[in-house]
Protein chains: 2
Amino acid sequence: MEFGDFKRILIGEPFPTSHETHERLDKIRGLAVFASDPISSNAYATEAIMNVLIVLGSGALAMTIPLGLAVASLVLLVILSYIQTILHYPDGGGAYTVSKDNLGETPSLLAAAALLVDYVLTVSVSISAGVRAVTSAFPELTDYKIWIALLAILIITWINLRGVRESGTIFAVPTYAFVIGVLLTIIVGTVRYFGIFGAVPMAVTEELMVSTTSLTGFAYIWLLLRAFAGGCTALTGIEAISNGVKAFRYPEAKNAAKTMVAMGIIAMTLFIGITFLATHLTLIPHEAESILSQLTRRATGTGFLYYWVQVFTAGILFMAANTGYQDFPRLSYFLARDNFLPRWLKNRGDRLVFSAGIVTLALFASMLIIIFKADEISMLPLYALGVMLCFSLSQAGMFHLMGKIAHLKPGETLQTNVTEIHYEQGVKWKRIMNAFGALITFCVFLILLFTKFREGAWIVALLIPILVYTFYSIKKHYTNVSRKLSTRTMESAELTAVANIVIVPIADIHRGSLRAIQYAKRLSNDVRIVTIITDEESKAEFLKHWNRFSEVTRDTKLELVEYDYRDLLTPIVDYIKHVNELEFPDELITVVIPEFIPERLSSRLLHNQTASRLRSMLRSYKDIVIIEVPFQIDS
Amino acid sequence: MEFGDFKRILIGEPFPTSHETHERLDKIRGLAVFASDPISSNAYATEAIMNVLIVLGSGALAMTIPLGLAVASLVLLVILSYIQTILHYPDGGGAYTVSKDNLGETPSLLAAAALLVDYVLTVSVSISAGVRAVTSAFPELTDYKIWIALLAILIITWINLRGVRESGTIFAVPTYAFVIGVLLTIIVGTVRYFGIFGAVPMAVTEELMVSTTSLTGFAYIWLLLRAFAGGCTALTGIEAISNGVKAFRYPEAKNAAKTMVAMGIIAMTLFIGITFLATHLTLIPHEAESILSQLTRRATGTGFLYYWVQVFTAGILFMAANTGYQDFPRLSYFLARDNFLPRWLKNRGDRLVFSAGIVTLALFASMLIIIFKADEISMLPLYALGVMLCFSLSQAGMFHLMGKIAHLKPGETLQTNVTEIHYEQGVKWKRIMNAFGALITFCVFLILLFTKFREGAWIVALLIPILVYTFYSIKKHYTNVSRKLSTRTMESAELTAVANIVIVPIADIHRGSLRAIQYAKRLSNDVRIVTIITDEESKAEFLKHWNRFSEVTRDTKLELVEYDYRDLLTPIVDYIKHVNELEFPDELITVVIPEFIPERLSSRLLHNQTASRLRSMLRSYKDIVIIEVPFQIDS
């Protein structure tokens, strides 16, 4: 079976380019597709807050509720702002697009770098949290969690390489099942907690952990900020809808905006519900079992609902990981199109997906999972940082856009690079909200950066500028190449002249080298055959063969180079360089290399690969045309 | 710093081919060079016997002495036989040469395969035993023994790549120091054991291990055979001198024979001495400390002499490993010269050593060390098997040679393929001894094979025929190639005709592709430019550029191929195949590929490598000459 067949079985038959279609989503499915990421953060966001507070003992966990409300307000603010973005960028207004259109290249690249980092984290955090949902329910699998996580990445990668679309229906199942399961848990939990309808109150954890630490003043505030920073992971994935407005049915922008509102309501309900119950049941975060798992177990027992919630927590988290597989390759494509990333990220594979981007993402995400041992809580300090930077940049961009709109008169329209803006009312208030949003999210970005710096935020803080620098370097390279290749300034006569010389390096006279000599003679009447002589015996032997084929070698010049070392390619390259520099400077000279081509790969190991090595040595010199005359040597 | 500079610092300045010299050894140094391997086996041979007997409890260890004497007799027999070999093959008579000269190709390849396996084992066993000498003295290093062993291999490989000769002086130090140290230990031990000169008798181990196993009849004999097989590792390395007769000073053969006798006496003295004392002090073999280390400690205390013996045990064992580095590349060279191994094993590196052979050996030996966790005792069942097969083949060869000599009349000489034989007296007895030797060693080979089969001998039993098969396959390939390349049966007119067509696949019009077109036009008046069109827009764009450079593109034919998939190389290859098969069957057709050449390696990642991929796809088709027209794109 050849590689091609194997690939076909694995990936499927190639799709023709013209077969590309775009599925449009209704609001129900749209919510499922885009909301899996933000809704799924409920699996870990509350825990991320509690994990910080627990240092002060379980008494301090009461602070989870106000911090949770602060996070919820932030979500509200961001959603309101993004609704503006959606309405003004109906073709898709991710942070990269909005910043580019309003703030310029560097801010847009900052946003892009932050987003790329975040998409990778979306995959590794969601997969790890999904695996944790599984191991919370089945603790005997805990030892294999890295392997399970890597297997999950492999499967998701494979599905995406096959090019299964963001099929709303597939997404809908785990997303809505998760929402229903958690809602039921919250309702049952609340009812039992308050003893409404005479329900028996649940046992509240008795064993209160008392910390030896007691903080005051600045240290206490610092701890609260860190806990708040942990909760901010709930904001990840909110911006996905703004990228995908065009995936909605007509009227796209309105449907997208409505979906965003619904998403916000659902995500916040779950977040506040989980936070409220987790605090009032005084659950203690620990590594073996997630807070959500503890909560469900306590509220509903280890019964059907418990396993329902765990299974669909894993399900929605894997769906959330899948959104990374949509976003990362798409953003890579945009960046590659603008020459900020390698061109091959633009290529679409057999199934019309950006295969290179998908594989790149899978590799980075797997790396993170291995480094962080599939522990999503330890990855969270890296997460949300990039998102917050994007929010801030995106809203700063909207602030700028609103400024332009404020100058429009009724009925007037203006075309930016990407979108069309019209006169509208209440711009002033919207603009203030954007400014406020940009400021707040930037402050949160700083809080995240400083409070989580030592825990891993430094990696992201370092990575983002490095990425931006790389983007610029790549752009510079491509600009340079295209300037060099450009025909705009060129006249036909300007092309490099081709020297009338052909050099044929050979080791011996055999059918392969005679074929090369014969070919060379067709190209030029100045054919020089170079051979390296290491001792008198081999010289005599060579000349004997040479004279036998005088008919072929007639009219060529034989150059015998004596050499006392064993690396026979060096004197050949030196000879060619010498001829090029002395006799034909600034002209293209031609080298004909006779090459054995063994059919089987295994036979290749039996030969010295001299032709290949000579070719790669010559490639680094300018102005040498290499001709490989093949000679198949397997039977 | 470039790779070349790095290599120079590591390996040293290249030596010119003509600088090769041969150092000749006197007997003292010759003994040190060739005897390190057989003498060093004393570090583990006795232990290998005891390790088997211990199953029957420490009482059974008394059998070590008769088994040791049996091994010593075998050594004597082999040495006597090899003296004949040395005298009759003064140019070097390894088992490969002698079998080839007397028994034919297959026996010689069996010997070669067995030797190659054994040389690898010489390295890994000696290194592991050397490391064990170190860890016996310094038990805190035990956890790192694999790393120490690999480091030792790295150092020995590096020394050999630098081409330090078998400098007799370097070898002399550890070899003689080891011999003196162990002899002293044996003397002190014996004196103290018998209480001669009123020395205080040593404490003899009290704790006798009583085994639950008690064997009778066949099972007991089987166990004794297994113990004997263990002791046979003492025979490894004996044949080294026969390979290296020419390394001795004049008269080479006589000096080599005398050295062989001296080696036998020393090795046997140590072996019997160690075996005697180890048994009478009832030492118990265990993994943490070698028998030799226990013996030295008991006989002389943990003082100066103890550390002396341990240090030089490690020293002589590393020297023994080094002999593998001399023998393996040399035998590989012989096999490669006879076309039984890949040709690159014939190439000598910068320092005139067979670098490829050295590196191959290092890789295999490291592999064994990792697999067997640097535990020489568990590698021993694989060892000695190959040696014994070689002894048997070599003596069978000598038996055959003696038969020829027996037919000579006084004064008559006869030339074999390799050596010259004369009439000599007593041939009959020598011949009987050779027959006896061949028979005995073959029996021992069978004993080793059967008694150690399950412990690892099966690996060697499987590997040897596989290697022989590989040798033949390689030979067949080379014969085939040389027949195909042979000019003997060829007439000049027979060369494949070159079709008057040049195909230039291009993606766009730019300086690089114009350069290629311009080059192609020099070669032929039938230039076809192929470009793949994926949509109407790109077609229009392409034609616009095309028309602009009509001066260059004049007199060429443009082929626009429409294609609805993304793998643009497939239609190009199809087009070329099509032209080749339909229009120019059995002729060489020429394809000119414009190629970007980024100067920096990092820039290569930014391009699609289309030219390289097209080249490797076309390479597998016959009769296509590939011309790469370069275009440097870095500034």
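Give the residues of the range B:573-604 that are without any contact (Cβ under 8 Å) to a residue 12 or more places away in the chain, more than 16 Å from B:T496 (Cβ to Cβ) and away from chain A (no Cβ under 12 Å), sorted by residue number. B:D574, B:H578, B:L582 - these are the residues of the range B:573-604 that are without any contact (Cβ under 8 Å) to a residue 12 or more places away in the chain, more than 16 Å from B:T496 (Cβ to Cβ) and away from chain A (no Cβ under 12 Å). Scanning the range B:555-571 turns up no residue that is under 27 Å from A:V502 (Cα atoms) and within 12 Å of chain A (Cβ to nearest Cβ). All told, B:V625 falls short of being closer than 23 Å to A:V592 by Cα, more than 9 Å from chain A (Cβ to nearest Cβ) and under 45 Å from the mean Cα position of the chain (by Cα). The helices (runs of 4 or more DSSP H) located wholly in the range A:539-635 that include 3 or more residues which are farther than 29 Å from B:S612 by Cα occupy A:550-553.
Given the condition free of Cβ contacts under 8 Å to residues at least 24 places away in the same chain and either on the phi > 0 side of the Ramachandran plot or not assigned by TED's automatic domain parsing to the domain that holds A:I146 (or both), answer yes or no: does some residue in the range A:389-404 qualify? Within the range A:389-404, none of the residues are free of Cβ contacts under 8 Å to residues at least 24 places away in the same chain and either on the phi > 0 side of the Ramachandran plot or not assigned by TED's automatic domain parsing to the domain that holds A:I146 (or both).
Flag: B:G397 matches the condition of being in contact with a Ser or Thr (Cβ under 6 Å, 6 or more places away or on another chain) and under 20 Å from B:A253 (Cβ atoms). Residues in the range B:420-435 that are assigned to a helix (DSSP H, G or I) and exposed (fewer than 15 other Cβ atoms within 10 Å of the Cβ): B:K428, B:W429, B:I432. With respect to the stated conditions, A:L352 is assigned by TED's automatic domain parsing to the domain that holds A:T135 and on the phi > 0 side of the Ramachandran plot. Within the range B:524-540, one or more residues are surrounded by 14 or more Cβ atoms within 10 Å (Cβ to Cβ) and of a type in the set (K, R).
Considered as a group, the residues in the range B:398-415 that are in a helix (DSSP H, G or I) and of a type outside the set (D, E, K, R) include one that is farthest from B:Y96 (Cα to Cα), and that residue is B:A406.
To keep it simple, each residue is scored yes or no on (1) of a type in the set (V, I, T); (2) without any contact (Cβ under 8 Å) to a residue 40 or more places away in the chain; (3) surrounded by fewer than 21 Cβ atoms within 10 Å (Cβ to Cβ).
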site	(1), (2), (3)
B:A247	no, no, no
B:A253	no, no, yes
B:K258	no, no, yes
B:V261	yes, no, yes
B:I272	yes, no, yes
B:H280	no, no, yes
B:L283	no, no, no
B:S290	no, no, no
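Against the numbered list (1) under 30 Å from A:R351 (Cβ atoms); (2) in contact (Cβ under 8 Å) with a residue 12 or more places away in the chain, A:D5 comes up short only at (2). Within the set B:V502, B:V481, B:V498, the sole residue that is within 9 Å of chain A (Cβ to nearest Cβ) and in contact with a Leu (Cβ under 8 Å, 6 or more places away or on another chain) turns out to be B:V498.
Condition (residue is within 11 Å of chain B (Cβ to nearest Cβ), under 21 Å from B:N347 (Cα atoms) and among the β-branched types (V, I, T)) applied to the range A:485-492: is it met by at least one residue? The answer is no; no qualifying residue exists. Per the listing A:T302, A:T296, the residue uniquely touching a helix residue (DSSP H, G or I) at 6+ places or on another chain (Cβ under 6 Å) and either over 25 Å from A:H19 (Cα atoms) or more than 14 Å from chain B (Cβ to nearest Cβ) (or both) is A:T296. Among the residues of the range A:95-106, those identified as farther than 18 Å from A:I421 by Cβ and either crowded, with 23+ Cβ neighbours inside 10 Å or aliphatic (A, V, I, L, M) (or both) are A:A95, A:Y96. Annotation note: of A:R522, A:R483, A:R488, A:R528, the sole residue that is more than 18 Å from A:L614 (Cα to Cα), outside any helix (DSSP H, G or I) and among the basic types (K, R) is A:R488. Annotation: of all residues in the range A:8-25 being away from chain B (no Cβ under 14 Å) and outside any helix (DSSP H, G or I), the one that is surrounded by the most Cβ atoms within 10 Å (Cβ to Cβ) is A:L25.
Among the candidates B:L361, B:L368, B:L317, the residue that is within 30 Å of B:Y44 (Cβ to Cβ), away from every other protein chain (no Cβ under 14 Å) and either of a type in the set (F, W, Y) or surrounded by fewer than 23 Cβ atoms within 10 Å (Cβ to Cβ) (or both) is uniquely B:L368.
Just to be sure before I move on: is A:S620 more than 8 Å from chain B (Cβ to nearest Cβ) and farther than 26 Å from B:I589 by Cβ in the structure I sent? So A:S620 fails the test. Consider the range B:374-397 and keep the residues that are in a loop (DSSP other than H, G, I, E, B) and aliphatic (A, V, I, L, M). The one that is nearest to B:W458 (Cα to Cα) is B:A384.
Looking across the range A:267-281, just one residue is of a type in the set (S, T, Y) and out of contact with any helix residue (DSSP H, G or I) (no Cβ under 6 Å at 6 or more places or on another chain), and that is A:T269.
The single residue among A:V33, A:V78, A:V71 that is surrounded by 16 or more Cβ atoms within 10 Å (Cβ to Cβ) and touching a strand residue (DSSP E or B) at 6+ places or on another chain (Cβ under 7 Å) turns out to be A:V33. Going through (1) within 23 Å of B:T323 (Cα to Cα); (2) at pLDDT 85 or above one by one, B:A240 falls short only on (2).
The values are calculated or read from the model by the stated rules, or taken from the named source; none is laboratory data. Only a predicted model underlies this, so the values are computations on that prediction, with no experimental measurement involved. Reconstructed Cβ throughout: ideal geometry from the backbone, glycine too, with neighbour counts over all protein chains shown.
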